[in-house]
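Engineer: The structure's right below; bear with me while I get my questions together.
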Amino acid sequence: MSDRTSETARLSRPSGDHIPSLQSLRGIASMIVLLRHYIICFPVGGSIGLAYEDIFLNSHAAVVVFFVLSGFVLSPSFFSRAISLSELLGFYVRRFLRIVPLLAVVTALSLLYVKSTLSTWKVPFTSPWFDGLLPHDVPLSASILAKCFVGMNSALVPQNWTIACELLVALILPFLVKACTKRLWPALLTFIVAAVLSFLAADGGGKTLPLLYTVDFVVGILTFRILQSYASRYSDLFFYVMVIGLVCTRVILEVVTGRADLSFHDPLCSLIEAVFSAFIIYGLATQNHMSRLLSVRWLVWIGDISFGIYLVHFLVIVVTARLMSSFLLPYALPVQMVLMLVPVLAISLGASYFSYRFVEIPFNDLGKKLQRHVRTALSRG
């Protein structure tokens, strides 16, 4: 069996194997989100500064990469399996235990923070955006609190809108996989319907975001399908063009449309970024030159703990800023930003590693075990 065939076969199995470079890509995306959120906590920028941030710290593109990757890596679960009650329930249980346990831990810690006196401490050198981040004693009814713990409300974890997208799209993802991995016309129809719905849902508010971003998951599924049928490498130059296209999409659209206030959830921007993400993922999956560079151990490690980085960084930023405020006051803003970044990164990485070892891995293993039990129990009738 050739290397390429072996790689394709490995991708086809619904196992725990992962492509190291794609894991690194996930880690890079999580670090981009962390750094972008860190930067906007300070009163810096201007139009030129914001343009550079939109390119080099394009957090929206990073989130789109997450969604496309989810569609790609979850496709093997149903690519070669029939959709049955046991498969569906097993998939839902495993997906729930993959996401919600760590989210619940971060939510609980955020709840303790907003109820503590620490959240009342003033930080005079931060931006108004920071001031609205996890405010003291934020009103929380029982229903809102319950929604926070399962990712359906962003009061305690601001990035919960992405968790809601992951969980809600997971409910229909097995059917999307089947629609996209059979004949060509159902796959194209699925993509077209998802793309049209993303534009229709664009102005519907936060509750329609899962519908808006479903097309990103579909793009990931289609990328997996194409890889299974045509696993051929393309040039490294084309890969770099795709990376540039991904990070520059928002700025280019703003220039072309003449709109400096392009919505964060603009459906056209999201769709274009998803296509660029698909080419990047395909290139890494077919072991191009960048794939080998991204397979270094420390980058893969960051990818392994990336979910923790993504969930915990807001809490780390607000706590670190308040604890270091008096120490940082005598320094100029650039020095404050650098000095505070060091502990923010160290604590985020350390906490994410700890949570990966003691929360994510045990619950992932539990999810796999329960998935097997569900399959066995329902197959026996």
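Engineer: Mind computing the radius of gyration and Dmax over the alpha-carbon atoms of the range 68-224? Å is fine for both.
Structural biologist: Considering the range 68-224 through its Cα atoms, Rg and Dmax are 18.7, 59 Å.
Engineer: With axes computed from alpha carbons, what is the tilt in degrees of helix 85-115 against the longest principal axis of the chain, rounded to the nearest 10 within 0 to 90?
Structural biologist: 0
Engineer: Something else: Can you give the helix-only mean residue ellipticity at 222 nm for the chain, where every DSSP H stretch with n ≥ 4 adds -39500 (n - 2.57) and the sum goes over all residues, rounded to the nearest 500 deg cm²/dmol?
Structural biologist: Details: 18 runs with 281 residues, N = 381.
After summing the helix terms and dividing by residue count, I get -24500 deg cm²/dmol.
Engineer: What is the ratio of the Cα radius of gyration of the chain to 2.2 N^0.38 Å, where N is its residue count, to two decimals?
Structural biologist: 1.00
Engineer: Still on this model: Project the alpha carbons of the range 36-110 onto their principal axes and report the range along each, largest first, in whole Å.
Structural biologist: Ordered largest first, the range 36-110 gives principal extents of 54, 32, 11 Å.
Engineer: Using a probe radius of 1.4 Å on heavy atoms only, what accessible surface per residue do you get for the chain? Whole Å² is fine.
Structural biologist: Here the residues of the chain average 46 Å² of exposed surface.
Engineer: Would you look at the GNM of the chain, springs on alpha carbons closer than 10 Å, and say which of Tyr230, Tyr213, Tyr310 moves the most?
Structural biologist: So, out of Tyr230, Tyr213, Tyr310, the one fluctuating most is Tyr230.
Engineer: List the aspartates and glutamates whose Cα sits under 15 Å from the Cα of Lys178, skipping any in the same chain fewer than 8 residues away.
Structural biologist: Counting by Cα, and skipping residues close in sequence, Lys178 has these aspartates and glutamates nearby: Glu87.
Engineer: What do you get for the angle between helix 20-39 and the principal long axis of the chain? Use alpha-carbon atoms, 0 to 90 degrees, nearest ten.
Structural biologist: 30
Engineer: Taking the Cα centre of the chain as origin, sum charge times position over the Cβ atoms of Lys and Arg (+1) and Asp and Glu (-1), and report the length of that vector in debye to the nearest 20.
Structural biologist: So the dipole magnitude of the chain works out to roughly 1360 debye.
Engineer: Right, here's the next one. Taking a cut-off of 16 Å, what percent of all Cα-Cα pairs in the range 207-312 are separated by more than that?
Structural biologist: Tail of P(r) above 16 Å: 68 percent of Cα pairs.
Engineer: Counting other Cβ atoms within 10 Å of each Cβ, which trypsin sites (Lys or Arg not before Pro) in the range 210-286 have at most 16 and sit in a DSSP loop?
Structural biologist: Arg233, Arg259
Engineer: Something else about it: Report, to the nearest 10°, how far helix 236-257 tilts away from the longest principal axis of the Cα atoms in the chain, using its own Cα long axis and a range of 0 to 90°.
Structural biologist: 60
Engineer: Would you work out what percent of the accessible area of the chain, with all protein chains in place, is carbon or sulfur (probe 1.4 Å)?
Structural biologist: Ligands and nucleic acids excluded, carbon and sulfur reach 69 percent.
Engineer: In a GNM of the chain with a 10 Å cut-off on Cα contacts, which of Ser143, Ser277, Ser291 has the highest mean-square fluctuation?
Structural biologist: Looking only at Ser143, Ser277, Ser291, the largest GNM fluctuation is found for Ser143.
Engineer: Given charges of +1 on the Cβ of Lys and Arg and -1 on the Cβ of Asp and Glu, with all other atoms neutral, how large is the dipole of the range 272-381 about its Cα centre, in debye to the nearest 20?
Structural biologist: 520
The values are calculated or read from the model by the stated rules, or taken from the named source; none is laboratory data. Note that the structure is predicted; figures quoted are calculated from it, not measured. Backbone-built Cβ (ideal geometry, glycine too); neighbour counts: all protein chains shown. Note: areas computed on protein heavy atoms with side chains; ligands, DNA, RNA excluded. Shrake-Rupley method; radii C 1.70, N 1.55, O 1.52, S 1.80 Å.
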